[in-house]
Amino acid sequence: MTSYNKDNSSLSQESVTSSGNNHLDSSDDSNTYTYLGMKGQRLHHAISFLAGMGFLLFGYDQGVMGSLLTLPTFRNTFESIDTTRYPDRATFQGFVIAIYEIGCLAGALSTMYIGDKIGRRKTIFIGCIIMIIGAIIQASSFSVGQLIVGRIVTGLGNGMNTATVPMWQSECAKSKDRGRLVMVQGALITGGICISYWIDFGFFFIKNSSVSWRFPIAFQIFFPLFILPFILRLPESPRWLLKTGDMQEAARVFSSLDDVPVNHPTIVYEVNEIAESLEKERSDATNKSKFRLLFIQGETKNFHRTCLAVWSQIMQQITGINLITYYAGTIFENYIGMSPLNSRILAAANGTEYFLASWIAFYTIERFGRRKLMLFGAAGQAASMAILTGTTWAASPKNENNSSAGVAAAVFLFIFNTFFAVGWLGMTWLYPAEITPLNIRAASNGLSTAANWSFNFMVVMITPIAFENIDYYTYTIFAVINLLMVPTVYYFYPETAGRSLEEMDKIFELSNTSTPWDVVKIARELPYESQTREGDIEKVAIEHIE
């Protein structure tokens, strides 16, 4: 049950009635509502904190397995995926690690249906419960079969969360703050990775006990404990409420987020603008299933926007980031030739630097916009991967075994992470929610997140095989892919910074389906709504009410 306060009196969701009109009439409601006693900036921070905890959990789960694979106690328990003694088992090891992504894929796809049925908060709540169950199964494993089941279950919950958390955050946030708030989520992914690396390092010193790997896996249960008690007591996405026809509750949520009374002209304007945008989208959606809506153009260019969302998530994964995230410890130890202790210290240091670098995007996302950061990141990633090819070749025990080249290779693993943290880490969790219309946002986010996990699976699956067969040329493949991403972003991805989610609808309405690249120019030239709204909000609101 959602509860909020009005003049210190508690009201429940059941007391809220839906409006059958297309416009909000809240002239008699001069109350400002709160959730958990919070409103305005404090409430935004609370939403951001819980969203961040979801992504902290996501990051931890991604990073925790990398350094466990070479632990003697782990290898003895799961001998069939021990590539240290049996190099020919690289394919099966890749499968066991990557099967987690298949669970994430299924979880993300499930949100295409349940995301709009039960809302954003309940989806996240269920996702966290499923992740706890999966972590328990993994941490108690005594066979590879049980480990596989645990990873699939954990992935199922994580897929639900990663498809829903950015959407909930974006639909509650203001356009001027939306980028920074979602970048915090991106930073907390790396925070989770960093924590997992250091916990792996600390438990490396526990010899001859399975605690050395069971505790790091079990520790992920810690993060949902912050989310579960509060998620259902914070506001639901006001845009989802409007989509379900609950205009009065949506207005109360906006009231609490903006810290103004429900009958304030800003709230009236905002609710009516979104309602009108939804009405347009519904006119395109007559007699069509939600899934089919993704593949039609219509006035709102659904298919075009879905493609941009899906490919942004695919590009994030084929940068090669999870080659490093999942296998950093293994790369340092097996392919650069470092000692087990030094490889774990460097993996933990790499995760720490990655976390610190991710905060650069928080300060630059609204100043430079989405496009410039994505272009900067892709170019830097391409150069880093090209250099890694040469330095890893020289550092390899099979070739010169050059210690200086080994140091350089380690440095460029850090540099690659820095470029990725600035340009692509949080961006593709923000961009799909910004680029898609409300009537298909849950379905599109589910599909784009599923694409992310599909290609995540591919990269994690092929990495041990690629290193086993083509060694350092693995980096060359990713260098070429990153280079190709530069013109793709430049010609096809419009800027969304400073735009409301409804403004993006207007931009795509003006575009031509035959020339999909024209949307970049339209977004650059169309005046910002804030320029016309500021100082005139009272007049616009009155017109809408009338």
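Values computed for the structure shown
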| read-out | value |
| --- | --- |
| Convex hull of the range 201-320 built on C-alpha atoms - directionally averaged projected area, nm² | 12.9 |
| Helix-only CD estimate at 222 nm, as mean residue ellipticity for the chain, using -39500 (n - 2.57) per DSSP H run (n ≥ 4) | -23500 deg cm²/dmol |
| FRET E, pair Thr91, Ser140, Förster distance 22 Å, beta-carbon r, rounded to 0.05 | 0.25 |
| Extension gain (nm, one decimal) between Ile465 and Val411, 0.36 nm per residue minus Cα-Cα | 17.1 nm |
| Options Pro516, Thr244, Pro72, ranked by Cα towards positive dipole end of the chain, top entry (Cβ charges) | Pro72 |
| Within the chain: Cβ-based charge dipole about Cα centre, in debye rounded to nearest 20 (Lys, Arg +1; Asp, Glu -1) | 1300 |
| Separation of the Leu225 and Lys117 label points, Cα + 7 Å toward Cβ, nm | 3.2 |
| Gained length - Arg367 relative to Glu525, 0.36 nm times residue gap less alpha-carbon distance | 55.1 nm |
| Lys, Arg +1 and Asp, Glu -1 on Cβ, resulting dipole of the range 165-274 about Cα centre, debye, nearest 20 | 460 |
| Formal net charge of residues neighbouring Gly351 (Cβ-Cβ distance under 12 Å; K, R +1; D, E -1) | -1 |
| Shape call, the range 422-494: gyration tensor on alpha carbons, a/c limit 1.5 | oblate |
| Positive-end residue of Phe376, Gly351, Thr391, charge dipole of the range 334-399 with Cβ unit charges | Phe376 |
| Ile296-Ala106 FRET efficiency (beta carbon distance; Förster radius 25 Å; 0.05 resolution) | 0.45 |
| The range 27-70 - Rg over Rh from alpha carbon coordinates, Kirkwood radius | 1.38 |
| Cα-Cα separations in the chain greater than 32 Å, expressed as whole percent | 44 |
| Inter-site label distance for Tyr490 and Lys174 at 7 Å from Cα along Cβ, in nm | 3.6 |
| With every protein chain in place, the chain: carbon and sulfur % of accessible area (1.4 Å) | 62 |
| Neighbour count of at most 10 Cβ within 10 Å plus DSSP loop: longest chymotrypsin sites (Phe, Trp or Tyr not before Pro)-free window in the chain | 206-546 |
| Separation of the Ser404 and Ser80 label points, Cα + 7 Å toward Cβ, nm | 4.8 |
| Over 27 Å (Cα to Cα) - which of Lys176/Lys521; Lys243/Lys506; Lys174/Lys521; Lys39/Lys521; Lys39/Lys506 fall in this group | Lys39/Lys521; Lys39/Lys506 |
| Full-stretch length increase - Ser339, Met458 - with 0.36 nm per residue and alpha-carbon distance subtracted | 40.0 nm |
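The values are calculated or read from the model by the stated rules, or taken from the named source; none is laboratory data. Remember, predicted model here, so these are calculated numbers, not experimental data. Every residue, glycine among them, receives a Cβ derived from its backbone with ideal geometry; neighbour counts consider all protein chains shown. These accessible areas exclude ligands, DNA and RNA; they are computed on the full protein's heavy atoms, side chains included. Shrake-Rupley method; radii C 1.70, N 1.55, O 1.52, S 1.80 Å.
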